Amino acid sequence: MTPTRAARLRIASTVVAAVVVAGLLAIAVLRFDLSRVGSELALAQPAWVVAALLCFAAILPLWAVQWWLLAPATERRTLRNMLAVVSMTSSVLNTTPMLVGEAASVWFLASTAGIERAAGVAVLAMDQLLVGVAKVALIAGASLVLPATAVLPAGVQALATGVLALTAALLLAAWLPERTLHRMAARLPARVEPIIIRIAAGLQPLRSPVTGGGALVLALLKKGAELLAILAIQRAFRVDLPASSALVVLAALNLATLLPLVPGNVGIYEASVVLAYTWLGIPAERALGMAVVQHACYFVALALPGYRWLARSGSLRKSAAVP
C-alpha cells in the first residue's frame, strides 16, 4: 500500500531526528570531556532543580486558563477539562513529529471540552499568534540586553514578519462583517466555505480587549515561568550570571526550536542552551550539564502529566467498545 502523506512526513521526521541526534552525540563525544560533564551533573543542588521543575509545571495551568478564555462556552468547557486538554496536547507535542501535536489538540478540544472542531482550529490559531507575540517580545528584549549579538535582531525580524502576517490574517477574519466574509468565502470550494465561516466565528476573542488582552498576559506569564526555571537551573549549578542571561538562553531556545523538526527537540534543545551559555562564558561541560537537567525538568513537567489523561481516555474508549 502506498504510504500516505502523513506517514511519509513521520518517516522523514524520524530520519531527520536520527541524523541530528547522531550528529550532536558525535560532536559531544569529540568536543566534551564527558567525565567532567558527569561531575558537573553530580554537583547540581536538588532543591534548585525542584524549583525549576515547579516553574515549568506552572505553565500548564496558565495554558489551561488561556485556552479557557479563548474557547467558546460549552457545557464541558471547564478549567479542569481544559487542563486535561493542554496537558495531553503538551505530551503529544513533546513526543511526536511536527504537526501531530497541533492536530491532536483540536481533537482533544472536541472530545474533552466539547469544542466544535472549527472552533478548535480557531483556538489553536489564536494560541499560535499569542505564542509568536510572546516570543517576539522575549527575543527583542534579549537583543536590547545584548545589542552586540548579531543573530538576535535577524531572528526577531524573521519571527516578527510571521507574527505580523498571522495577526493581520486573524484580525481580518475576526472583524470582517459577516456578509463580506460570506461573499469572500463563496469563492472557495463548497465544502471549504462553511468551515472558514465557522473558524472565523471562533476568532471572536480577538475582538475583545479584555479576553484577548488577558490571553496575551497569560502567554507572557508562561514565558516568565520559563525564565524563572532557567534562573533556578543556574543556581542549581552555582552559576553566577545576571538575571538578563536567562533572556539570552530562552531567546536562543526559541530561535532554535521555531520549527520542531525533531520530536521533543531532543539534541537541538541541548545544543542551543550550550551555545548560549558558552557565549556567556560558561565552560562547555558545565553548560551541557545545565542543558541536560533543564531539558529533563521541562520534559517531566510538561510531557509526563498528560499521560494520565491519555491513559484514562484510552481506557474509556476500550470500555465503550466492549459490547
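The values are calculated or read from the model by the stated rules, or taken from the named source; none is laboratory data. Just so it is clear, the structure is predicted and the values come from calculations on it, not from any experiment. Counting neighbours? That spans all protein chains shown, and the Cβs are built from the backbone with ideal geometry, glycine included.
Considering (1) in a helix (DSSP H, G or I); (2) touching a residue at least 24 places away in the same chain (Cβ under 8 Å); (3) closer than 30 Å to VAL65 by Cα, say which one LEU258 fails and leave the rest.
Condition not satisfied by LEU258: (1).
Can you find a residue in the range 210-219 that is at pLDDT 90 or above, more than 20 Å from LEU53 (Cα to Cα), surrounded by fewer than 18 Cβ atoms within 10 Å (Cβ to Cβ) and polar (S, T, N, Q)?
Yes; the residues of the range 210-219 include at least one that is at pLDDT 90 or above, more than 20 Å from LEU53 (Cα to Cα), surrounded by fewer than 18 Cβ atoms within 10 Å (Cβ to Cβ) and polar (S, T, N, Q).
When you go through LEU69, LEU54, LEU24 one by one, which is the residue that is assigned to a helix (DSSP H, G or I), modelled with pLDDT of 60 or more and crowded, with 16+ Cβ neighbours inside 10 Å?
LEU69
Is there a residue in the range 138-149 that is modelled with pLDDT of 85 or more and buried (at least 17 other Cβ atoms within 10 Å of the Cβ)?
Yes, the conditions are met somewhere in the range 138-149.
Being part of a loop (DSSP other than H, G, I, E, B), closer than 26 Å to ALA236 by Cα and modelled with pLDDT of 80 or more is the requirement here; does ALA44 meet it?
yes
If you check ALA256 against the conditions, is it modelled with pLDDT under 90, in contact with a Leu (Cβ under 7 Å, 6 or more places away or on another chain) and either closer than 20 Å to LEU130 by Cα or of a type outside the set (A, V, I, L, M) (or both)?
When the stated conditions are applied, ALA256 does not pass them.
Among (1) surrounded by fewer than 18 Cβ atoms within 10 Å (Cβ to Cβ); (2) part of a helix (DSSP H, G or I); (3) at pLDDT 90 or above, where does LYS223 come up short?
(1)
Within the set of pairs 6 or more residues apart or between chains, which connect a residue that is in a helix (DSSP H, G or I) inside the range 269-283 to a residue that is crowded, with 20+ Cβ neighbours inside 10 Å and β-branched (Val, Ile, Thr) with Cβ atoms less than 8 Å apart?
Taking only residues 6 or more apart or on different chains, the pairs are VAL273/VAL249; ALA276/VAL248; ALA276/VAL249; TYR277/VAL249; TRP279/VAL248.
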